[in-house]
Amino acid sequence: MSNNLYQENIFSRIQDMGFISWLYAKSFFKSFSTESLFESIDKYCMFIGYSKSGKTFLSSLLDAHPHIVFANELPVLRCIDIGFSRRQIFDLILENSHAFTDAGRRSRGYSYKVPNQWQGKFNQQLKVIGDNKGECTTLNLRGRLWMLQRLYSTMGMKIKFIHVIRNPFDNISYMAMVKKSKLNLNQCIYYYFGLCETVLTIKEVIDSNDLFEIRYESFVDNPRYYLENLCQFLDLNAPDDYLEDCTSIVFEHPVKSRYEVTWTQDLIDIVHEQIEKIPFLEGYTYSS
């Protein structure tokens, strides 16, 4: 069962109380034996945003740091909503990271394995722990901002947020491809900008010093610079060998999913109009 802990659908059986009870009991009893591993943690970090923004890539690079562990697609806010404790959540995150690494760190056809570094484990002291389920987190906070206070209360430590921004046409196109049985391209446009509006609301209630915003395209252009700054944001040094190994797997150019679906001029115009309403999307166009 543990090898499934990194998969996106871990809580798709949310109504299966037998499964939830098993997971709760498993993490509850195991957390007593792993508690000492978490004593040095002083920050929890989570992503907000959208699918196909680059968050899996960035979180995998962070997970390669000797003092950071990141889960992949673990719905932490749902865990908190159900009543999991901090110790249980940390144990699930650690197991998730280990399982994802053992499975080759592959997601949607891409490999996010960093050679020679610390993915799925850590060196002596664990300082930062987190999850990357950005879209699910954003959806969970829509109309439920009180969950942030519950998050702070459960974690009992500094919370840091990462918001990865990507050309909206690529985000929306990818959504249309994976949700094509449920949503058409026009519906995905409004779904995406609904997420953007929720992100704006989240930004209004969290400390700006606790938010790191980054454009994925800028990161790909200068990965070492932005990764070093991201580590500084988490109050950690970035060793040279860590930066070199991480940047060695960065793609030369971002994948442009917009060219894999058919965009009419009317839909392009709608997106351009919506972009003007979202400050952090300024400058993005279909052709950029």
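We did not get these values from a lab; they are worked out from the coordinates using the rules stated. None of the values given here were measured: they were computed from a predicted structure. Note that each Cβ is placed from the backbone with ideal geometry, even for glycine, and that neighbours are counted across all protein chains shown.
For the chain, the longest principal axis of the Cα atoms and the long axis of helix 146-155 meet at an angle of about 30 degrees. Would you mind checking the pairs 158/182; 113/133; 26/133 and listing those with alpha carbons more than 29 angstrom apart? Over 29 Å apart, Cα to Cα: 158/182. Other residues with beta-carbon under 14 Å from the beta-carbon of residue 207 carry, at +1 per Lys or Arg and -1 per Asp or Glu, a net charge of +1.
Note on residue 256: lysines with a C-alpha under 17 Å away, same-chain residues under 8 apart excluded, are 52, 55. Between region 55-70 and region 245-269, how far is it from one alpha carbon centroid to the other, in angstrom? Their Cα centres are 23 Å away from one another. Counted by Cβ distance under 14 Å from residue 241, the other residues give a net charge of -3, where Lys and Arg count +1 and Asp and Glu count -1. Local charge for residue 144 was computed over the other residues whose Cβ lies under 14 Å away, with Lys and Arg +1 and Asp and Glu -1, and equals +2. Once both labels are positioned 7 Å from their Cα atoms along Cα-to-Cβ, the gap between residue 153 and residue 124 label points is 3.8 nm.
Spin-label model, residue 285 to residue 253: label points 7 Å out along the Cα-to-beta-carbon direction sit 1.8 nm apart. Here the extension length gained between residue 39 and residue 224 equals 63.6 nm, from 0.36 nm per residue of separation less the Cα-Cα distance. Each pair of Cα atoms in region 180-288 enters the Kirkwood radius, and Stokes-Einstein at 37 °C and 0.692 mPa s then converts it into a translational diffusion coefficient of 197 µm²/s.
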